[in-house]
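Input: a single structure, listed below in C-alpha cells.
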Amino acid sequence: MGGVKQKAPQLIMGKHSPVIHKLRKAMEFYQELGFEYLPVKGLDIRKSLSGTVDGHHPETPADDTSGPAAERGDRGGALESLRNEIGDCIRCKLSTGRKNIVFGEGNAGAALMFIGEGPGRDEDIQARPFVGDAGKLLTNLIVKLGLKREDVYIANIVKCRPPGNRNPQPDEISACMPFLERQIEIIKPGVIVCLGNVAAKAILGSSVPISRLRGTFYDYHDIPVMPTFHPAYLLRNSKAKWLTWEDMQKVLEQLKS
Ligand code: SF4
C-alpha cells in the first residue's frame, strides 16, 4: 500500500549536490574549530598593499628621498616626536599603577591599523601592545591574512595598564585619546580595525555592542573602520573567531579596492 515516495533532497539538487554537501560539511567543521584551522592558501595581500611592505615601495629606488619611503620616514619621525612629547605622562590616574607606557608599534606607513582598549599585564611589562595570549592570537590572525605583524600598526585607546585589567574609564580615555588621534593622523591608515567594545566606542562614539556593530564599515575622518571582537574574547569564545575571520575578509577587500 505504500504511497508515492518523495525524492531525497540531495537527489533534486542537481549533479553537484554531493560536492555542495561535502563543502557544507567542511565549512561546518572549520566553523566548529574556529578559523585557526581554516586552510588558507597563499594570498599575496602584502603586494596589494603597495608602499607598506618591508619598509620600501616596490617601485621606488632605495636612494629616492622624495617617494613613499621618504614619507614613511617622515611619519616614523613624527611618531617618535609624539612619543617624546608624551614623555613620562601623568595626565591621568593610570600613570600611578603602570610599569611602562605602551605607545604602539608597527609600520609608520601601515595601510592597516589595529586598535585595542589598553595594555594588559604582559604589555605593561614589555612596553609593547598585544604580546600576551590575546596578542599571540592577533599575530596569528595577521599572519593568516598574508601579512606580517610589522606590516601593520597596533595601538590602544589608553597607553597605560588599567589596574586589574578593568576597562579604562571615561576620564582616562579622554586624557589619552588625543595621542591616539595624532597617531592616526600621522599613519593615515587605509583601514582601522577596532578590537572590542571599548575601542569601537571610543573611535566611533557608539555604545552599540560589538556583537551588533561588527561586520560593517563605519567612518572615522574618512577612514573606513571595521569593528570586530577583541582577541581576548575570542580566546574564550572560539566560535566567534569565524565571525572575526569574515570581518577581516571584508577588510582585505577594502584594502585591495
Ligand atoms: S593612559 Fe595616556 S593619558 Fe593616562 S597617563 Fe598613560 S599615557 Fe598619560
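Bear in mind that the values in this text are calculations on the coordinates, not laboratory data. Note that the structure is a prediction, hence the values are computed from the model and not measured. Note that each Cβ is placed from the backbone with ideal geometry, even for glycine, and that neighbours are counted across all protein chains shown.
What the table below lists for this structure:
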| read-out | value |
| --- | --- |
| Listed pairs Lys93/Lys159; Lys188/Lys256; Lys159/Lys241; Lys136/Lys241; Lys93/Lys188; Lys144/Lys188 exceeding 20 Å between Cα atoms | Lys159/Lys241; Lys93/Lys188; Lys144/Lys188 |
| Sequence ranges 239-251, 152-164, ranked by mean other-Cβ count within 10 angstrom, highest first | 152-164, 239-251 |
| Listed residues Asn84, Phe179, Trp242: farthest to the positive end of the dipole of region 65-256 (Cβ charges) | Trp242 |
| FRET efficiency for Arg83 and Val208, using Cβ-Cβ distance with R0 set to 25 Å, rounded to 0.05 | 0.15 |
| Pairwise FRET efficiency - Ile90 versus Asn140, Cβ, R0 = 41 Å, nearest 0.05 | 0.70 |
| Segment Lys148-Tyr220, length gained on full extension (0.36 nm per residue, minus Cα span) | 23.4 nm |
| Extension reserve of the Arg182-Glu71 stretch, reckoned as 0.36 nm per residue once the Cα distance is removed | 38.3 nm |
| Dipole magnitude (debye, nearest 20) for region 65-256, charges at Cβ of Lys, Arg, Asp, Glu | 640 |
